[in-house]
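The values are calculated or read from the model by the stated rules, or taken from the named source; none is laboratory data. This one's a predicted model, so the numbers in the text were calculated from it and none came from an experiment. Methodologically, a virtual Cβ is constructed for each residue, glycine included, from the backbone with ideal geometry; neighbour enumeration extends over all protein chains shown.
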Amino acid sequence: MKLSLLNELRAQNPIVLNVSNFVTVQDVANGINAIGASPIMSEEIAKTEAMVKMSGAVALNLGAFTQDQVAHVRKMGQLANQYGKPVILDPVAVGAVAYRLGVAQSLLRDFQVSVIRGNAGEIAALAGIQWAAKGIDAGEGQGDLKAIARSAALKHNCVVILSGPTDFITDGTTVVTVKNGTPLFQLHVGSGDMLSSIVGAFAAVTDDAFEAAQTACLVFGTTGQLVAEAIGAELPGTFTVKLMDQLHLVTTQEIEAVADYE
Amino acid sequence: MKLSLLNELRAQNPIVLNVSNFVTVQDVANGINAIGASPIMSEEIAKTEAMVKMSGAVALNLGAFTQDQVAHVRKMGQLANQYGKPVILDPVAVGAVAYRLGVAQSLLRDFQVSVIRGNAGEIAALAGIQWAAKGIDAGEGQGDLKAIARSAALKHNCVVILSGPTDFITDGTTVVTVKNGTPLFQLHVGSGDMLSSIVGAFAAVTDDAFEAAQTACLVFGTTGQLVAEAIGAELPGTFTVKLMDQLHLVTTQEIEAVADYE
Amino acid sequence: MKLSLLNELRAQNPIVLNVSNFVTVQDVANGINAIGASPIMSEEIAKTEAMVKMSGAVALNLGAFTQDQVAHVRKMGQLANQYGKPVILDPVAVGAVAYRLGVAQSLLRDFQVSVIRGNAGEIAALAGIQWAAKGIDAGEGQGDLKAIARSAALKHNCVVILSGPTDFITDGTTVVTVKNGTPLFQLHVGSGDMLSSIVGAFAAVTDDAFEAAQTACLVFGTTGQLVAEAIGAELPGTFTVKLMDQLHLVTTQEIEAVADYE
């Protein structure tokens, strides 16, 4: 865990290039901005190369799922590999829809990702482990979440974030758990998408993707928790607004004061 | 009116599958979440069948209006009929643009809907009644709104919600009116879209589409009214945030205390 | 500067027809609504003509940049010329990506715009002046911003708004500067898009595009400034919400009290 990366990020203001989920694109762009990075949201395959070259990291969200968008994701992943930019993949709903899983697997064969960020159902599916999922939610199947995360990391040779009430972050060997968070994240469509792109912002300022992933989870989880505690009630609209405020203002000291990880 | 459906909905957490308006997609997803259902926002025609099968209701918003999207709406409506899922149709702007009316009519020939939810101009157009409309607004033409709603319901053999300062909900015979609401709904782009998808959430937990439509209108109208009264000023930004909060928290008791319908 | 246009706008409630940036479309629609105009957000090239005819102004945002969308923008610009509707162009990121600049230049050859609204990097690119830009931000190059704005206006025979901490508005001869604003505009993705469409709302109620552009900048800049001063901290989420509130409520008296332009 290297919390000083947050200050690095704010000092460097790296560009995070996103192929984004059409449902959550504005929130994700605002979240990247709030934390201190600079978002570009791409929806056009032409001239992708120029944008990849100027970016610090590439965040690919499979909520964007038309055939054109999948082609766009593939090209951007391959260009990111070519130019040595870290790639974050958010495999939206691959645990719920078999067709989505097939597309995600084919993308993972066509380029190498640095970090996969998904919920339990999504990560289990990418690990090839049976898991009951419903819609975009995490599903309710049983299983050793640490083992699932590790298995997915080894299979795809990357860092994996299995996020939920507790986040499990692993490089396939070590597993770091971050327990900070709030149930309000589940009530806000796009919390996971936002975390994935924020992982990109951290990955843009260090060569260590494992450290970037851990720190992003800790910063996002503690910030959400601090906001939820300040609100004191289950207010999903207010939470979203104040999460954006706090992502911009939160300090490493405030995070350290509540950090709960091992 | 069966207000207990709200508790049913929250207990069952049904999936509402949406083809959504690109303008309002995130708010609608958050609104479905806030009320206690689970949103899936679809933009891809491939593998629609798997998603229809896992859903409790299908909400089709004609704000999505490219040729690809219309094909998507058609397929999803037909699959919903095949699998017995209730279909909610929101005929955006059919009162303002003749071309849109033609598309909506052709869709209504190709599959059977359970509920149509529109403003006076849109419902009048679907009833074949002359009505002056401007843009996305309800228009200012004269006419007996009850008769217009009833006529559209009989013509399309479904429940119709003609929403506005007063909502008229009818199965073609009985007309229920819900007078709760607030002018702030007009200032927030997507209030109508959100209501349509929330009708879907209610339709997913009862076989009685008429009851689902009435209850959704009452819950949405009273919640907006309670929020507007609490704010006490015409603040469209704050209203949107607190509407999301209140959709999550509002109780049947709070609704009953202000409910104004007959 | 003709601040009474704000009251005109609210009295007339003109339709602003937008080809919008997919990232910010809902905020822009809500902003148009809040200020007192009526938004239509178009994404379909078919039947564009009917929509152009019913609109008071057309706002074209080049954040919409797939090949289909560029064709849509071109057709809408040409139709707006044919029907005498003012056209506002927002040349998103033309300062950062050469390919985007080429597309914008070709559009500017194919139809005549009334107002171009961009940041320093974007306006410099359209003026053919070298300028360093990064991503969607304004860039940090040096240069006489007044001269850049004037040069772009003369080159494209239109009013130009070069917006930033200070806005420069020019018809190629006179340059008006508006110094009102707040750094919080930079933290909210879509502030510029919103301003561009609000320029459209003002252009719809006067034949003088230069006056419309100035007034829109003053109204938007002072409103943001008043909100930021009321908040008193750098809260990007809260700012967005209260900006929408204040766009709806702000009076010409409140604007005059803080107006800083020459």
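Filtering C:THR223, C:THR238, C:THR215 for residues that are in contact (Cβ under 8 Å) with a residue 60 or more places away in the chain and hydroxyl-bearing (Ser, Thr, Tyr) leaves a single hit, C:THR215. If the condition is being more than 30 Å from B:ASP27 (Cα to Cα) and either part of a loop (DSSP other than H, G, I, E, B) or within 14 Å of another protein chain (Cβ to nearest Cβ) (or both), then the range A:246-262 contributes A:ALA259, A:ASP260, A:GLU262.
Which of the residues spanning the range B:235-262 are charged (D, E, K, R) and modelled with pLDDT of 95 or more? Give the derivation first.
From the range B:235-262, those charged (D, E, K, R) are B:242, B:245, B:254, B:256, B:260, B:262; that's our starting set.
B:LYS242, B:ASP245, B:GLU254, B:GLU256, B:ASP260 - these are the residues of the range B:235-262 that are charged (D, E, K, R) and modelled with pLDDT of 95 or more.
Do we have any residue at all in the range C:88-98 that's modelled with pLDDT of 95 or more, among the aliphatic types (A, V, I, L, M) and under 29 Å from C:LEU6 (Cα atoms)? Yes, the range C:88-98 contains a residue that is modelled with pLDDT of 95 or more, among the aliphatic types (A, V, I, L, M) and under 29 Å from C:LEU6 (Cα atoms).
Does the range B:208-219 include one or more residues that are closer than 23 Å to B:ASN119 by Cβ and touching a Pro at 6+ places or on another chain (Cβ under 7 Å)?
Taking the range B:208-219 and keeping what is closer than 23 Å to B:ASN119 by Cβ, we get B:209-219.
Next, only the ones that are touching a Pro at 6+ places or on another chain (Cβ under 7 Å) stay: B:209.
Yes, because at least one residue in the range B:208-219 is closer than 23 Å to B:ASN119 by Cβ and touching a Pro at 6+ places or on another chain (Cβ under 7 Å).
Filtered by the rule that a residue be touching a Leu at 6+ places or on another chain (Cβ under 8 Å) and of a type in the set (Asp, Glu), the range B:222-248 gives B:GLU234, B:ASP245.
Taking the range A:150-175 as the range and being in contact with a Ser or Thr (Cβ under 6 Å, 6 or more places away or on another chain), crowded, with 20+ Cβ neighbours inside 10 Å and closer than 28 Å to A:ALA228 by Cα as the test, the residues that pass are A:VAL160, A:PHE168. The conditions of being in contact (Cβ under 8 Å) with a residue 60 or more places away in the chain and either closer than 21 Å to C:ILE45 by Cβ or buried (at least 21 other Cβ atoms within 10 Å of the Cβ) (or both) are not met by B:VAL25. For A:ILE169, the criteria (1) within 14 Å of chain C (Cβ to nearest Cβ); (2) at pLDDT 95 or above hold in every case but one, which is (1).
Every residue in the range A:63-82 that is in contact with an Asp or Glu (Cβ under 8 Å, 6 or more places away or on another chain) and either among the aromatic types (Phe, Trp, Tyr) or closer than 30 Å to A:ALA11 by Cα (or both), please. Matches in the range A:63-82: A:PHE65, A:GLY77, A:GLN78, A:LEU79.
Please count how many residues of the range B:75-131 are among the small types (Gly, Ala, Ser) and either under 20 Å from B:GLU44 (Cα atoms) or touching a residue at least 40 places away in the same chain (Cβ under 8 Å) (or both). If you could, list the steps in order and put the result at the bottom.
As a first pass, look at the range B:75-131 and keep what is among the small types (Gly, Ala, Ser): B:77, B:80, B:84, B:93, B:95-96, B:98, B:102, B:104, B:106, B:114, B:118, B:120-121, B:124-125, B:127-128.
Next, from what is left, pick out any that are either under 20 Å from B:GLU44 (Cα atoms) or touching a residue at least 40 places away in the same chain (Cβ under 8 Å) (or both): B:77, B:80, B:93, B:95-96, B:104, B:114, B:118, B:120.
Number satisfying all stated conditions: 9.
When the test is whether a residue is at pLDDT 95 or above and within 24 Å of C:LEU17 (Cα to Cα), C:LEU218 passes it.
Considering the range B:117-154, the residues that are at pLDDT below 90 and over 22 Å from B:LEU195 (Cα atoms) include one that is nearest to the other protein chains (Cβ to nearest Cβ), namely B:ALA132.
Of everything listed in (1) modelled with pLDDT of 95 or more; (2) surrounded by 21 or more Cβ atoms within 10 Å (Cβ to Cβ); (3) of a type in the set (A, V, I, L, M, F, W, C); (4) out of contact with any Gly (no Cβ under 8 Å at 6 or more places or on another chain), the single unmet condition for A:VAL189 is (1).
Going through (1) of a type outside the set (D, E, K, R); (2) farther than 29 Å from A:ALA233 by Cβ; (3) out of contact with any helix residue (DSSP H, G or I) (no Cβ under 7 Å at 6 or more places or on another chain); (4) in contact (Cβ under 8 Å) with a residue 40 or more places away in the chain one by one, B:THR174 falls short only on (4).
Among the residues of the range C:198-245, those identified as more than 14 Å from chain A (Cβ to nearest Cβ), surrounded by 21 or more Cβ atoms within 10 Å (Cβ to Cβ) and part of a loop (DSSP other than H, G, I, E, B) are C:ALA204, C:VAL205.
Rundown of residues vs (1) surrounded by fewer than 21 Cβ atoms within 10 Å (Cβ to Cβ); (2) over 22 Å from C:LEU162 (Cβ atoms), yes/no style:
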position	(1), (2)
C:ALA29	no, yes
C:GLY77	no, no
C:GLY84	yes, yes
C:ARG109	yes, no
